[in-house]
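Asks: This structure is in structure tokens; I'll ask about it shortly.
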Ligand code: CA
């Protein structure tokens, strides 16, 4: 008997066993779109697994993804097939009941893997009408045949004549909107200008493009958003286009077929620092906004700006949920978002009118929202570039909520938010920004703006939560404390359950009514991707991709190690009632112990210069304070750093095939020596001597 047949029979036996012990009929149910359906609520209306039996939930199969680079994607399940996208945008089709690999497509993006802020991750594919659509890290949008995985068409969404083209990325999931497929991009920290493009799903021909921020005045954009750009340009000053302006739409794009609108969540400014970006003038539309455009033409309809004159990386790209809620006795068509800035928003999705907004985490940059307009009432300290003093504030650039999606249960009326309290000091950068390096206009020197006491206090106050939020009353109903911040996306089900992963290497089921933990599974690595649920042949399944990745384990340093070593083998994990599979044993790698030098380098000025250069060029992969959380080598223990090979790697590109690019066009050998001194000093400070 082949193992595939054995698995299939095993699945059948399981299905029969379940059918005999569960009298309720469970209809087949797919997970066909990124947020499940057009309301994007991530609420699976399947109730076989419920609060009374979830303790019987077990692994049915696991599928090894062959990487430890991190998983953020929502799988799509249609026609009995799970469509996954793993690190480096490798797409796989897997039988949804047996785990058998049907096909794999690798777009070969490893050469581009150091682009962007947050690792070679993807948040999902779209599947429609026999095609699978995937965005590649290097800016391509690719359509694959859903049966075979063979490419059908491919377009480069980034203008390759743009000198900043290599600073753009795609990490978001494409969305199918009628007969169009939509995709945005990332890269606002590196000088990108945001836009969303619609392509004809059958041919890849461009239908429309909506720019989210204005370009250089007088240069025609040849885009449907030109008239909206005239309006937006009035809210900008200075020479913002040299920095791209930002506003990248790297995640939330939701289609509302009833109203014929597409809602775009727009990202932060490039650079963050409003003084540097726009002479400190104007609201800078459409940064940090939700923009509604006509789904067929891409023409502007309305916008709501969450954070005018954005200066803190407070993107409004976080997932958008549509719902019909009774508010003040009237049924309102609303959309809901919990963006990075820490306020939970309910908007009228027909008009963009602000209905309500309240902080769902600790917010210190603003004291509240104007009850009529929703405009933030900023704290006097918030605009660090004006006061000349660091503003130590919550949330940080990581946000009160980031990309891991929240979910809404119409049964409980609650939104379940993977939220966190993480603060940081914002101080204006005192040096010229280098476009194409990390261009924030904020001093990213690894906490140099803080005393050690302040830093320790900051770390101690970092918390992660799963919050149940009443969107009508705008208040918290319950809250679960996580071990650390930056936990997984959420699934709600009709079984009265909420599923969410965490950085403590678990997938957990909670009672949706009160947050009681009812079940958990040791996944051997952090689970940050959102679970999904589907039903086939009378069996309800819960599926999730496990694997730690994204920005936090890269940049977070010692902060990201709060939950322990969370890097491990990445997998597709699929569960059902009475599943009995187990994972192979796994021992996490040991922490670095031995310093690479026997004495601290003597040139303190070189160490200080190296700190700044490290913050600009190295920190976003190798970690704050040169502490790796496991995703990339810990340079404090790297024998390469004090050796001749350091130059060959950093300037010569010797490890480019592994994803470590050459910095020859950015760094001189003198600057490289400064970086070496800084890393050696950190190594000597932290690690043992021999
Ligand atoms: Ca950003």
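The values are calculated or read from the model by the stated rules, or taken from the named source; none is laboratory data. The structure displayed is predicted, hence computed values, not measured ones. Cβ: placed from backbone, ideal geometry, glycine included. Neighbour counts: every protein chain shown.
Asks: Pick out the one residue from 151, 75, 107 that is modelled with pLDDT of 95 or more and over 25 Å from the mean Cα position of the chain (by Cα).
Replies: 151
Asks: If residue 58 satisfies every condition in (1) buried (at least 19 other Cβ atoms within 10 Å of the Cβ); (2) closer than 24 Å to residue 585 by Cβ; (3) more than 27 Å from the chain's Cα centre (by Cα) but one, which is the exception?
Replies: Result: residue 58 fails condition (1) only.
Asks: Go through region 178-192 and count every residue that is buried (at least 24 other Cβ atoms within 10 Å of the Cβ) and modelled with pLDDT of 95 or more. Before you say what the answer is, go through the steps one by one.
Replies: Initial filter on region 178-192 (buried (at least 24 other Cβ atoms within 10 Å of the Cβ)): 181-192.
Those left that are additionally modelled with pLDDT of 95 or more: 181-186.
The number of residues fulfilling the criteria is 6.
Asks: Another question, then. Could you check region 122-141 and list, in sequence order, the residues that are in contact (Cβ under 8 Å) with a residue 40 or more places away in the chain and within 19 Å of the chain's Cα centre (by Cα)? Walk me through how you get there before you give the answer.
Replies: Keep residues of region 122-141 that are in contact (Cβ under 8 Å) with a residue 40 or more places away in the chain, which gives 122-129, 131-137, 139, 141.
The answer is 122, 123, 124, 125, 126, 133, 134, 135, 136, 137, 139, 141.
Asks: Sticking with this one: Between 197, 169, 212, which is away from the ligand (no atom under 16 Å from the Cβ), touching a residue at least 40 places away in the same chain (Cβ under 8 Å) and in contact with a strand residue (DSSP E or B) (Cβ under 9 Å, 6 or more places away or on another chain)?
Replies: Going through 197, 169, 212 in turn, just one is away from the ligand (no atom under 16 Å from the Cβ), touching a residue at least 40 places away in the same chain (Cβ under 8 Å) and in contact with a strand residue (DSSP E or B) (Cβ under 9 Å, 6 or more places away or on another chain): 197.
Asks: Looking at region 183-194 only, could you name the residues that are within 11 Å of the ligand (Cβ to nearest atom) and touching a strand residue (DSSP E or B) at 6+ places or on another chain (Cβ under 6 Å)?
Replies: Selection gives 186, 187, 188.
Asks: Could you check residue 348 against (1) buried (at least 18 other Cβ atoms within 10 Å of the Cβ); (2) more than 16 Å from the ligand (Cβ to nearest atom) and say which number it fails?
Replies: (1)
Asks: Between a residue in region 83-94 that is surrounded by fewer than 24 Cβ atoms within 10 Å (Cβ to Cβ) and any residue that is in a helix (DSSP H, G or I), which pairs come within a Cβ distance under 9 Å, given they are 6 or more apart or on different chains?
Replies: 88/110
Asks: Moving on to the next point. Restricting attention to region 142-163, and to residues there that are under 18 Å from residue 111 (Cβ atoms) and either without any contact (Cβ under 8 Å) to a residue 40 or more places away in the chain or not in a strand (DSSP E or B) (or both), which single residue is farthest from the ligand (Cβ to nearest atom)?
Replies: The qualifying residue farthest from the ligand (Cβ to nearest atom) is 142.
Asks: Quick check on region 457-480. Is at least one of its residues within 24 Å of residue 531 (Cβ to Cβ) and in contact with a helix residue (DSSP H, G or I) (Cβ under 9 Å, 6 or more places away or on another chain)?
Replies: no
Asks: Residue 36 - would you say it is more than 16 Å from the ligand (Cβ to nearest atom), at pLDDT 95 or above and within 17 Å of residue 530 (Cα to Cα)?
Replies: Yes: the conditions hold for residue 36.
Asks: Please return the ranges of strands (runs of 3 or more DSSP E) entirely within region 243-317 where 3 or more residues are within 12 Å of the ligand (Cβ to nearest atom) and over 23 Å from the mean Cα position of the chain (by Cα).
Replies: none
Asks: Among the residues of region 318-331 satisfying the criterion of being more than 16 Å from the ligand (Cβ to nearest atom) and under 17 Å from the mean Cα position of the chain (by Cα), which is surrounded by the most Cβ atoms within 10 Å (Cβ to Cβ)?
Replies: Of everything passing the filter in region 318-331, 320 is surrounded by the most Cβ atoms within 10 Å (Cβ to Cβ).
Asks: If you go through region 662-690, how many residues are surrounded by fewer than 17 Cβ atoms within 10 Å (Cβ to Cβ), in a loop (DSSP other than H, G, I, E, B) and touching a residue at least 24 places away in the same chain (Cβ under 8 Å)?
Replies: The total comes to 3.
Asks: Given (1) over 25 Å from the mean Cα position of the chain (by Cα); (2) closer than 29 Å to residue 481 by Cα, where does residue 372 come up short, assuming only one miss?
Replies: (2)
Asks: For region 474-494, check the following and say yes or no: at least one residue is without any contact (Cβ under 8 Å) to a residue 60 or more places away in the chain and under 30 Å from residue 27 (Cα atoms).
Replies: Within region 474-494, none of the residues are without any contact (Cβ under 8 Å) to a residue 60 or more places away in the chain and under 30 Å from residue 27 (Cα atoms).
Asks: While we're here: Residues in region 596-617 that are surrounded by fewer than 21 Cβ atoms within 10 Å (Cβ to Cβ) and assigned to a loop (DSSP other than H, G, I, E, B): how many?
Replies: Residues that pass the stated criteria total 7.
Asks: Another question, then. Residues that are modelled with pLDDT of 90 or more and part of a loop (DSSP other than H, G, I, E, B): does region 10-24 have at least one?
Replies: no
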